[in-house]
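The values are calculated or read from the model by the stated rules, or taken from the named source; none is laboratory data. Computed from a predicted structure; not experimentally measured. Cβ coordinates were reconstructed from backbone atoms using ideal geometry, including for glycine residues, and neighbour counts include every protein chain displayed. Calculation scope for accessible area: heavy atoms of the full protein, side chains included, ligands and nucleic acids excluded. Shrake-Rupley method; radii C 1.70, N 1.55, O 1.52, S 1.80 Å.
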Amino acid sequence: MVAAIHSAIGRLCEQYPGRLRALGVSVPGTVSRDLRLDATNVGWHDVDLTALWPPTADPKPVFVAGNDASLAAAAESARGAASGARVALHLLIAGGLGGAVVDQGRLLNGASGFSGEFGHMPFGDPAIPCPCGAHGCWGTAVDGTALARHLGHRPPRDPVTYARRIIASAVAASPAAVASGAPGDFPAAPIAADAPVFVTGPADVPTADARAGTPASVDAGSGAPVSGDARSGTPASVDVGAGARVVVGAAAELGAVRLVAAALGRGIAGLVNALDADLVTLGGVGADLLSAAEDEIQASYRAGLMAIRRGSPPPILPAALGADGPIAGAAEEAWSSLIPHLA
Ligand SMILES: [Zn+2]
């Protein structure tokens, strides 16, 4: 990856001699002040980002590299949904959760440059290990791996694509049901006849099509069909041993999305209590969850807020810059660093 980017930058230097003045790089991990990258979710450790610099460019470009969530936070404050906020909290859910605080327009980087690793606060289940080496990290309770765990699926290779598929399935199954009800309750509302139906269990995702009249559920252990019909809107459940039951059918996606949304809202409450932010923006899968299950997020958020904040809770908004947030932030930071050199 480093070699490919290095050679792409080299081609730009040849194409525009003397004109490449600044580089802004967004990466999905922590970046130290000496530009070493660690991205535990993808297995990159101690990567030297200065190897991206073009060796022969003259003048030597200003080089800025930062964590994607931190850069997205900077961009949201500069030109997005957090513009004008005094203390803005931005949270980005991809594989895990990252974020940053922007105080009066200034991104807080921390003493080492590692600030904003909110996904590694122990707001999650203490039994769940995190790729970072800790247990109980909040990020493991709010991303695609959390949805997979609730549904009894294997950890997804691409937790973002997986999460979006599950959230879309939940919304398609019953948009009205997703937008109301208590966290953890499964919907009584009818499930759309054309909704995809999945079966939860330790096996990978067997599917059945309610439209085709095939059985909508199978035993999670043996694979044998069990009672329950997604077409009737009545979710079936399967005894999986040890007293546990797994809900099958499209309702399972709704339940999983609600549980993850509630875990997200609880953690946001903790951060707002601690940081006294006046605005919270959500990017990545966080924006999808806000769209699909805002009531669950708001209910657990308000329940977790200190009483003095409940009269006027800081709003939770979707990021305005969407997927462009991290790279827009990299450009903002590169410009900010370059401007003093232009005087
Ligand atoms: Zn962690």
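Data for the structure
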| read-out | value |
| --- | --- |
| Among the residues listed as G119, G136, G96, G124, the single one being modelled with pLDDT of 95 or more, closer than 13 Å to T30 by Cβ and touching a Gly at 6+ places or on another chain (Cβ under 7 Å) | G119 |
| Those residues of segment 80-99 which are within 16 Å of the ligand (Cβ to nearest atom) and under 14 Å from A277 (Cα atoms), in sequence order | L91, G99 |
| Some residue of segment 84-91 being at pLDDT 95 or above, open to solvent by less than 30 Å² (accessible area, probe 1.4 Å) and part of a loop (DSSP other than H, G, I, E, B) | yes |
| Scope segment 141-169; condition more than 16 Å from the ligand (Cβ to nearest atom), open to solvent by less than 20 Å² (accessible area, probe 1.4 Å) and in contact (Cβ under 8 Å) with a residue 24 or more places away in the chain; matching residues | L147, L151, H153, A163, I166, I167, S169 |
| Criterion: within 28 Å of L151 (Cβ to Cβ), at pLDDT below 95 and touching a His at 6+ places or on another chain (Cβ under 9 Å) - qualifying residue of A252, A323 | A252 |
| Complete set of residues in segment 141-155 that are part of a loop (DSSP other than H, G, I, E, B) and more than 14 Å from the chain's Cα centre (by Cα) | G152, H153, R154, P155 |
| Single residue of segment 100-140 satisfying the filter (outside any loop (DSSP other than H, G, I, E, B) and open to solvent by 20 Å² or more (accessible area, probe 1.4 Å)) that is nearest to the ligand (Cβ to nearest atom) | H120 |
